[in-house]
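Enquirer: Below you will find the structure I want to go over with you.
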Amino acid sequence: MRGKRRPVVALVTDSIYPYHCGGKESRYYELFSRLNDRAELHVYTMNWWQGARRRTGDVATFHAVCRLHSMYVSGGRRSIAQAVFFALGCLRLLAARFDVLEADHMPYLQILVLRLVATVRRKRLVVTWHEVWGKDYWRQYLGPTGLFAWLMEWLAMRVPDHIIAASSQTAERLLAATKGRARLTVAPNGIDLDAIRTCPPCGNPVDIVAVGRLIEHKRIDMLLDAVAQLHASGDRITCRIIGDGPGSAALHARAESLGLANAVEFRHDVREQKELYGLMKSARLFAFPSAREGFGIAVLEAIACGLPVVTTSAPDNLARYLVADYARGTICNPTVAAFAVALRDRLADRRGCADDRAQTETWLAGFGWDRTASAVAGALRI
């Protein structure tokens, strides 16, 4: 007798690992690695690769719905044109085979198109939400056109059949924004504790390491300014910045102008998690100056690596909740001066650690990928 047919999940996201690397992309890769025995997985994205629109990956089949468009314009802001082209490309799913439609929430416009697709095909639409921006931030981010982007976000929150929130704080913001109408499952980002635990340090030792996309709200510029202040006061600390993005050239120029060319190492080439963990472990402290973060998976990884962590109290930096639960974490005001003092004080603090590490390992066990994958499977009904 033939076995039961596996359900088909269609994931729609404009960027995906291994073609684009970040917290969202890592999340989908880890989850799909654990869900491909439950479902047949297909990813609908931009054409990140050369050749045919369809190709087979190790955990899913990839489909290009449109050509590759830059997700950012000058200044590191999200591209409206890319959002439009990607949303229009999602109409291709009207002819696709799937049992449930799952989508990443950014850049919003495609969610409205996917609502149409799901309704026509009589399938469920599930959306993963990483962070809520809101009207004020969109105005700050895009100026007058930010009101249109906020309207897209407001509408997009209201059309899914179910939302998967990447943190409990994002879930709270979604419920507040929808006046309690959103149907939610909280499935936080996770980490592979065994992989981190067994990974040895690599690379030259440095005092500070930072990890993230090089875009404006990650505030790597503030980290550079803080390091420059410490150098001016006689603390000749070194720093490694791991990541890439549209702000790369400007940050290199800023480091040069601050006289930090020999003190700051930029690594834009790190793609493997093992190398990332090794480079993190060769530092004494993890800096996370981000102004806004829906979760902060890099913070969780740094904690698992045993590093002290310094972040800020910026209202939209939800990673601060992870740091607040960490004995070796510091949360400071989101200013250069406060960040420099926090970095200096944490580097000077040599206390602790076997008991702290044991307590941290127990606390981190709640963020395993297997647990998150089970929650996502439940939301998708697979």
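The values are calculated or read from the model by the stated rules, or taken from the named source; none is laboratory data. Just so you know, these numbers come straight off a predicted model, no measurement behind them. For neighbour counting, all protein chains shown are included, and Cβ atoms are generated from backbone atoms with ideal geometry for every residue, glycine included. Only protein heavy atoms, including side chains, enter the accessible area calculation; ligands, DNA and RNA are left aside. Shrake-Rupley method; radii C 1.70, N 1.55, O 1.52, S 1.80 Å.
Enquirer: Would you check which residues across the range 18-39 are open to solvent by 50 Å² or more (accessible area, probe 1.4 Å) and not polar (S, T, N, Q) and list them?
Expert: Answer for the range 18-39, where residues must be open to solvent by 50 Å² or more (accessible area, probe 1.4 Å) and not polar (S, T, N, Q): P18, Y19, Y29, R34, D37, R38.
Enquirer: Would you confirm whether or not the range 186-196 contains a residue that is in contact with a Phe, Trp or Tyr (Cβ under 6 Å, 6 or more places away or on another chain), surrounded by 14 or more Cβ atoms within 10 Å (Cβ to Cβ) and of a type in the set (A, V, I, L, M)?
Expert: Looking through the range 186-196, at least one residue is in contact with a Phe, Trp or Tyr (Cβ under 6 Å, 6 or more places away or on another chain), surrounded by 14 or more Cβ atoms within 10 Å (Cβ to Cβ) and of a type in the set (A, V, I, L, M).
Enquirer: If a residue must be more than 18 Å from A250 (Cα to Cα) and either over 20 Å from the mean Cα position of the chain (by Cα) or open to solvent by 20 Å² or more (accessible area, probe 1.4 Å) (or both), how many such residues does the range 71-85 contain?
Expert: Qualifying residue count, the range 71-85: 4.
Enquirer: Name the strands (runs of 3 or more DSSP E) wholly inside the range 1-112 in which the number of residues that are modelled with pLDDT of 90 or more and in contact with a Gly (Cβ under 8 Å, 6 or more places away or on another chain) is 2 or more. Before the answer, list the steps.
Expert: On the way: elements: 8-12, 40-47, 54-56, 61-67, 100-104.
It comes to 40-47, 61-67.
Enquirer: Every residue in the range 132-161 that is under 23 Å from the mean Cα position of the chain (by Cα) and open to solvent by less than 30 Å² (accessible area, probe 1.4 Å), please.
Expert: V132, W133, G134, W138, Y141, G146, A149, M152, E153, A156, M157, P160
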